[in-house]
1. What's the extension gain from L312 to N267 if we count 0.36 nm per residue and subtract their Cα-Cα distance?
2. Please sort 116-125, 296-305 by packing, taking for each peptide the average over its residues of neighbouring beta carbons within 10 angstrom, highest first.
3. At what distance in nm do the modelled label points of N243 and E221 sit from each other, each positioned 7 Å from its Cα along Cα→Cβ?
4. Please arrange V128, V287 by how many other C-beta atoms lie within 10 Å of their C-beta, fewest to most.
5. Dipole of region 156-200 (Lys/Arg Cβ +1, Asp/Glu Cβ -1, origin at the Cα centre): which of F194, T161, V184 lies farthest to the positive side?
6. Label points 7 Å out from Cα along the Cβ direction at E36 and E289: separation in nm?
7. Simple spin-label model, 7 Å along Cα-to-Cβ: I276 to N175 in nm?
8. Report the extension gain between R253 and H26 in nm, rounded to one decimal, defined as 0.36 nm multiplied by the number of residues separating them, less their alpha carbon distance.
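Just so it is clear, none of the values below were taken in a lab; they were calculated from the coordinates. Nothing here was measured: the structure is a model prediction, and the numbers come from that model. A quick note on method: Cβ atoms are made from the backbone with ideal geometry, for glycine too, and the neighbour counts reach across all protein chains shown.
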Amino acid sequence: MNDPKSLKSLIISWLDGDLTGTELEHLLQWMEQSPENAAYVSRIRDIWQASMQKTSEFAETGKEWNRFRSAVENKILEKRKQQPYLVRWLTGMAAVLMIGFISGYWLVRQPQKNEPIYITATAPAGSVASLLLADSTIVYLNAGSQLTYCPESKTNNREVTLNGEAWFDVVKNRNKPFVVHTPVCQVTVLGTRFNVKAYEVEDEVVTTLEEGQIILDPSPEITSSGDLRLQPGEQAVISKSTNNVSVEKVETRYFTSWKDNKLMFINMNMQELIVILERKFGVEIEVGEPSVLNYHYTGTLKNESVIEVMELIKHTLPVNYRIDGQVIRIVKN
């Protein structure tokens, strides 16, 4: 995987749906190794996507794509002829289910006759998972989240259902919008980067747009003036308890840095912070006195253990902590 030309050829073959066997396994393992590797794949995918446009704007990109493609086409075709249909189908499914950077697993709902197959990707508490959908859309799932989708989205509508938090890098397709369903709204996009936080147990559903444009369609009980079109840097917050929706400008990195294993807090109250830490580390945190929940914390966490995080909080706020079995108890000084 050290030869850039060889790597590009593998990625392009994979985007074309032609990569199989050992080469496919090696590519997926390489993509799993770091966020930088996944970002590199995303850049090559953008070149691939742009080259499919039939405009002069992408003429040079198209030439580059064709050079890459012709270099491997004969070899890939020969391999495919030698493999039985079942092997090709199974390895194609492996390309859809990209391995999580930390952990994740998939549940397949067995369909009735003539019904499509649906897969549920899960990031358990204490982990972040990533997957690549059949249309090359990249998804990161935050801890305690589930995403249900149809792996045959190249031929069906691009729709997913989210319970939890996910960051999306959606491939553009004007003829087939990408739709995220949540209990109180659906988010429709043509191609963009955005974050949706929609945990079933939380009151607010928060949608944050990094790039592009999205259409937010609240459910009928939500008080709004119709569909909301968010611009980059805007965030929509829907309250389940009040049925109200608000939109404001935000610094998006504070709401999307979790996918890079970084947490950024600006004056966050302890009640919200505890929920985030419990999900991130898969632990249980209890508070001795309710007044502690009124404290606020500002800081950035990256790669720290849960004990290191508690030490940071201890030296920032007038609190202490102790560990009782599997529970961390926060007490007031």
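1. Working: separation 45, 0.36 × 45 = 16.20 nm, distance 1.47 nm.
Between L312 and N267, full extension yields 14.7 nm more.
2. Details: 116-125: 17.9, 296-305: 12.9.
Ranking, from highest mean packing down: 116-125, 296-305.
3. Distance between the two pseudo-spin positions: 0.8 nm.
4. Numbers: V128 23, V287 19.
Ordered from fewest to most neighbouring Cβ atoms within 10 Å, V128, V287 come out as V287, V128.
5. F194
6. Calculated label separation equals 4.7 nm.
7. Inter-label distance under the simple model: 4.3 nm.
8. Numbers: separation 227, 0.36 × 227 = 81.72 nm, distance 3.15 nm.
Contour length minus the Cα-Cα distance gives 78.6 nm.
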